[in-house]
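What follows is a short report on a single structure.
No value in this document is a laboratory result; all are computed from the given coordinates. What you see is a predicted model, and the numbers here were worked out from it, not measured in a lab. Virtual Cβ from ideal backbone geometry, glycine too; neighbours counted across all protein chains shown.
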Amino acid sequence: MIPQRIPYLLRKKEEGWKVFGILPGYYPKEILLGAEILPVEIWDPRVDTAFAYRHLQHTVCGIVKRAISFLMALPKGLIDGILVPHTCDSLQNLGTLIKDLLPVTSLPCIFFYPPKGPYRKSSFEYLKRVLKVLQRDLEAFGTQAEGSEITRWLNEMAKVYQAYRKLFELLTRDLFPSKNRALLDLIKGFGYLLPNDILEAFGEISKEMSPNKDLGPKVFISGIYPYEVELIEMLDLLKARIVAEDSLFLTRRFPNRTETSEDPYEELAYRYFSTPPCPTRGLDLGERADYLIQRARSADVKGVLFGTVKFCEPESFDLPTLISVLNREGLNTLHLEMEPTKGMDMAYLTRLEAFLETL
Ligand code: SF4
């Protein structure tokens, strides 16, 4: 059973954790955990976005609009600070707005600027430096992460990555019987649960593991945050199964690394540079296409579903070329552009149905 976000967050505060709201993208979770800060990621709060339209252009993505509206409507004392990673231009602007213009400035708002590709030799040293700057910023906020604590959380997070990888392996082998809706709760837990609570949820699920008898078409889902509830419910309705994923929300932040370094900052940097290709890190498109083709083949899927957010520049710039490369390689694709909070109508369902018939 995955704990609900707000009751969970309140319980952790009672236990002495401070809570930071984290805007979408990569950030070094282990440094925050080491400083006894629970990072709670803000991707899809169900809020009225009227506030955002007074402060942002219409062409800013729905995730950012929801995030700012949510932060403005937050009850006092629910979170203790905000971290804004430099994932895209929209988020960078949002960070400035939060910090300089809006009443929430009473909360500390920290920026995090990881390096963008193409990486050079200096990128590694630069990242180590910004990781230490973050640590120093947290110190100014009155909380400090010791090196040994960061190492402890690095080890815990390695187990979490392994658990999610195992989950997708089971899905590929038809051994995870749940519907996509239950899978979604488990995926979303990555954005706010402590590592031990994620691992506990996995432990409970593994007790109920049995072969999946409901074998509909297998889908590989990709996007920055393709987890609109309506989309997932439509997939359930059409009996399609998500068996592989490539989202910034989840696996694009999973490092592909087996060694460990004793220095926690070095380890964090190595992990960052070993994560899969993502347009928010400015990486090579050919590399991304090769990665997706290899993932699709190893999961034995015939189609990739791109669920994107309207006005998301980093993802939208990649897609036309990426889709034509995947199609040339024999993979069917469907691109569904969604506006968060607006729901999904019958036209989406029809397109999804037509796509699934090709798999
Ligand atoms: S959806 Fe795209 S534009 Fe919006 S915050 Fe994420 S990366 Fe930035």
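Residue-wise HN-Hα couplings along segment 239-249, as the Karplus relation 6.51 cos²θ - 1.76 cosθ + 1.60 with θ = phi - 60° gives them from phi, are 6, 8, 10, 6, 10, 8, 9, 9, 10, 5, 4 Hz; Gly and Pro carry x.
If a/c stays under 1.5 just call it rounded; otherwise compare a/b with b/c (prolate if a/b is bigger, oblate if not). Do that for segment 197-349, with a ≥ b ≥ c from the square roots of the Cα gyration tensor eigenvalues. It would help to have the intermediate numbers written out before the result.
On the way: a/c = 1.59, a/b = 1.16, b/c = 1.37.
Verdict is oblate for segment 197-349.
Each 5 Å bin from zero holds the following percent of Cα-Cα pairs in segment 17-143: 2, 10, 21, 23, 20, 12, 8, 3, 1. Remark: segment 127-226 carries a charge dipole of roughly 400 debye about the Cα centre, counting +1 on each Lys and Arg Cβ and -1 on each Asp and Glu Cβ. When the P(r) of the chain is calculated, the portion above 34 Å amounts to 24% of the C-alpha pairs. The length gained on full extension between LEU238 and TYR126, counted as 0.36 nm times the residue separation minus their Cα-Cα distance, comes to 35.6 nm.
Only Cα pairs under 8 Å and 6+ residues apart enter the sum, and on that basis the relative contact order of the chain stands at 17 percent.
Distant-in-sequence amide contacts of LEU38, defined by a placed amide H-H separation under 5 Å and a gap of 5 or more residues or a different chain, comprise LYS18, VAL19, PHE20.
Largest GNM mean-square fluctuation across ASP185, ASP345, ASP80, computed for the chain with C-alpha springs under 10 Å, falls on ASP345. Computed over segment 181-332, relative contact order equals 25 percent, with contacts defined as Cα pairs under 8 Å that lie 6+ residues apart.
With both labels modelled 7 Å from their Cα along Cα-to-Cβ, the ARG54 to PHE317 distance reads 3.3 nm. Summing Cβ point charges (Lys, Arg +1; Asp, Glu -1) relative to the Cα centre of segment 17-143 gives a dipole of roughly 300 debye. Candidate membrane-span-like segments in the chain, meaning DSSP H helices with Cα atoms spread over at least 15 Å of their own axis and a Kyte-Doolittle mean of -0.5 or above, are 62-73, 89-100, 121-140, 147-172, 195-207, 313-328, 346-357, with no membrane implied. So, in nm, how far is label ALA73 from label ASP174 when the simple model puts each one 7 Å beyond its Cα toward the Cβ? About 4.4 nm, to one decimal. Around the amide H of THR333, modelled in the peptide plane, lie the amide H atoms of VAL304, all under 5 Å away and 5 or more residues distant in sequence or on another chain. Using only side-chain charges placed at the Cβ, +1 for Lys and Arg and -1 for Asp and Glu, the dipole size of the chain relative to its Cα centre rounds to 180 debye.
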